[in-house]
Every structure is written in structure tokens, then in C-alpha cells.
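Please treat every number below as a calculation from the coordinates, not as lab data. As the structure is a computational prediction, the values presented were derived from the model and not from experiment. Every residue, glycine among them, receives a Cβ derived from its backbone with ideal geometry; neighbour counts consider all protein chains shown.
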Amino acid sequence: MSIGTHSRVPEGDVVVTHEDIDRARDRAKVRAARMTRGLRGRAWLLWLLIGPGILVMLGENDGPSMLSYAGTGAQYGLGFFLPFVVLTFVMALIVQEMTVRLGAATHRGHAELIFERFGPFWGWFSMIDLGIGNFLTLITEFIAVRAGAGFFGIPPWAAILIALAILYSALLSHRYWTWERVTLLAAAFNLIFIPVALLTHPHWSAISHAFTDWKPLPPLDKTTVLFILSNIGATVTPWMLFFQQSATVDKGLTTRDIRFGRLDTFFGAALAAAAAIGVIIATAPLAHHISTANFEAAQFAQALEPSIGHIGAALFALGMIEAGIVASITISTSSAYAFGEVARKPHSLNLPVGEGKSFYAVLCLCAAAAAGIVLIPGLPLVFVVLVVNVIAVLAMPPALVFLYLLVNDKEIMGGVKSPHWANLLAGLVVLLLTAAGILYGISAVAPNALAWLGAH
């Protein structure tokens, strides 16, 4: 009997699944690359092992994130927020490095580990909390697709159907490796915002000055606080933990691969930060000239058209569409992973549909439901985008507490337990996110106190 043509092969008390076979084939390629000497072998190994880190970072440069960056540039121009966005990506890098180690050491997804180490209540709590947050974020991804497509005169219903078709098409191979490479190719288009920024003929001295002499925080009011939290929520969100850890497991990374996982994540953070900065630079010329309160992707593109031309504006709108589509793929997959882990159902992109019915059902239905909501007439699109990013920030500290406890669990982590420097950095991230949440609470409950803080 050939294992290549059967989904399950009994070997005594052990059952070898289709998922196991596919993953074993991937690991065989990794072993072959390690045995190949020289630069060719190292390059081949890097090519085989990178993926989850780049995907999670470029996936987080999603529709609402890019709209937040566009609004930031148009509202505040060049200054405080350029280095601030870099800081948020450093925070994301610190957090995601922990998920790489956790996935490689345990070969378990994030929700599954919470279920096993802290009990069913916290396992289901984390899954439901993630599911709600992911669903709200999915809505904003389709908002970005709809808004970007509007620049080209594509009707909302057609734009949404095209996005869903691309999302479902990525699943057709039933193979993690193929899904990852196809999604990576799509994610690369996120970098389109860099040439768009160059088309605005930016003031390089002003950009350099923004980084070398970090300007003070703009006047602290409700709008500024909203943009601060929105920019943090554009970079550090709970779904990233669940997605990258599960993708690390699905890819089959081991503790020997952790350094490649770190490099993968660093490279992804650098690319995503460059694209995010590109959006702020591209929209900075609009600062103080327009009101962005109700701007969508198409309107940003139209406002930029006089300065960067039709081609540049079209590239901006295409970038928004790409951001929404790629993120809808990764975020819906994150929800499906978490459900499968907690419900003890098969959960892998290496599964045929017949073996992963619940996994693919959760993935497809979440996306379809979110897409349908976006077509509701009169939905306040920009307000929904900003609020969802704020919710992501508020939900992050509890998620980080679970992550912190898990990466410091000697029993499951062994020799890759978090060192003191990693714990210190993680603690600083938690403090910053908590402070941002408190600041937002003050802005909502006591705006006068916020004004006092801004004055002092």
C-alpha cells in the first residue's frame, strides 16, 4: 500500500494521517538542505523555513491598519508617528518571537496549550475572545477591499465576491506549503506603498529629522489618543499569536529551527514597517488640507491623485485591496486553527476537505459572514475600522499574560524557556499596552483630565 495515495495508514496502535505524511515530506526537504554544504544549502534551508513570520507581519498590515496609517499621515503629517510606528513593530517582534519558540518547542497551537495548561474554561474563553475579535477584524478587511475597489468603479458586491473567491482558491491545494507560498506572493504586494510614497517626492530631510529628533506628542485629545491606539492595534493584535504559533506547528518547525523563525519574523517586521511608513509618507502631503473623518481607501487615492497621478493613486487603491484580501486569508485561518485546537478537531491546511470539515467550515463561514455584513447599507466604515483597532489593543494584555506564563513553563519549554531579557521586554510591552488602554479610558470617561495630562 502506498502512503502517497491513502489518507490513513494503520501501523499497530499508531495512525499515520495525511497531515503527518505531508509534514514528513516537508521535513525531508529540510534535512536534505541541512546536508547541502555552502551558501546554496543555507539559502535553500532559509527558503524552506521562512514563511509564518513574514505572513503574520505583512498580514497584520491589513486593511484597517493601512487605513489607520493613511489617516495618521493625513491628520498629522511627518513627525511623531513615524518613529512611533517603528516602535510598535519592535513590540510586535518581541511578542511574535515568543510564539515561535512556543510553537517549535511544544508542537501545539496557542489555544490548545491554553486549554491543556489552564483548563477548559480558559481554553474556550481564549478561543471565543479570539473569535469575536477576529470576526470584527474580518469585517474591516472586507471594508478595505470594498473601499479600494471603489476607486476603479467596481460595485461593492463584485469586490466582495472577488475577495471571497481568492480566499477560497488559496485553500484548494490542501497543502500548507502551497497555501503559504501563494499567500506570501500576494502579501508581497503590500510593498506597493513604498513606490507610492516615492511618487509624492517626499522631503527626505523632514523624514530623517523625524527619526533623529523625535518630535513631541501632538496635543493630547480624544482624536490623538484614538490614533495612538489605532496605530498600536494596527501592529500588535491577539490573532497574530494564534496564527504564527499554529502556522509554526503546521509547518513542522522544531527547536533547531528557532533561529530561522526569528529571522523570518524580523524580516517580516522590517518589510511591514517599511510599507506602513510608506503609507504615512504618501498621505502626509494631505495633512491640514482635508478632513479625513469619513475617508475611505478610494477617497484617499482620489485625494492623492493630483500629486502622484492616476497610476500612483491606482497603486494606492490596489495596495488597500491586497491588504484586505491577504489579512482575510490569514485571520480566518487563525480562527479555524483556534477552533480546531480547543474543540479537538483536525486542524491543518495539509488536510483534505473530507478530514478537515470543521476546520474548513469555520474558515469559510467566518469569512462569508463578515463579507455579508460589509454590504449593509449605511455602515459607518471608517468608524468601524478605528474602533476595531482600539479593541485589538484592549484585548492584547490578557493574551500576553497567557503567552508569558506559557513561555516560562519549564515543563513544556525545556531549554528554550524565556531568558530574563525576553521577560523584561515582554513586561515592557504589557506595560505600554496597558498604559495605552488606560489613556483611552480616560479620554472616553474624563476628557478634561486628558487635557490636563496633555498640558503637563
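Subtracting the Cα-Cα distance from 0.36 nm times the residue separation, let me have the gained length for Ile311 to Glu411 in nm, one decimal.
30.4 nm
At 18 angstrom or more along the helix axis (alpha-carbon based) and mean Kyte-Doolittle of 1.6 or higher, what helices does the chain contain? Whole DSSP H runs only.
Result, helices passing both filters: 81-106, 156-169, 357-374, 381-407, 420-445.
Using a basic spin-label model with each label point 7 Å from the Cα along Cα→Cβ, how many nm lie between Ala368 and Arg37?
Between Ala368 and Arg37, the simple spin-label model gives 5.6 nm.
His107 to His203: extension gain in nm, 0.36 nm per residue of separation minus the Cα-Cα distance?
Length gained, His107 through His203: 29.8 nm.
Work out how much length Lys357 to Lys215 would gain on full extension: take 0.36 nm times their residue separation and subtract the Cα-Cα distance, in nm to one decimal.
Here the answer is 45.9 nm.
Check each of the trypsin sites (Lys or Arg not before Pro) in the stretch 32-81 and keep only those in coil by DSSP with at most 16 other C-beta atoms within 10 angstrom; list them in order.
For trypsin sites (Lys or Arg not before Pro) across the stretch 32-81 that sit outside H, G, I, E and B with at most 16 neighbouring Cβ atoms in 10 Å, the list reads Arg37.
For the peptides 335-343, 115-123, what is the packing order when you average, over each peptide's residues, the other Cβ atoms within 10 Å and list the highest mean first?
Result, highest mean Cβ count within 10 Å first: 335-343, 115-123.
Among the lysines, which have Cα under 29 Å from the Cα of Lys357 when same-chain residues fewer than 8 positions away are ignored?
Once the sequence-local lysines are set aside, what remains near Lys357 is Lys29, Lys251, Lys345.
Nearest 500 deg cm²/dmol is fine: what mean residue ellipticity at 222 nm does the chain get from its DSSP H runs of n ≥ 4 alone, each adding -39,500 (n - 2.57), divided by its residue count?
-25500 deg cm²/dmol
Sorted by packing (mean other beta-carbon atoms within 10 Å per residue), highest first, where do 154-161, 326-333, 180-187 land?
So the peptides 154-161, 326-333, 180-187, ranked by packing, come out 326-333, 180-187, 154-161.
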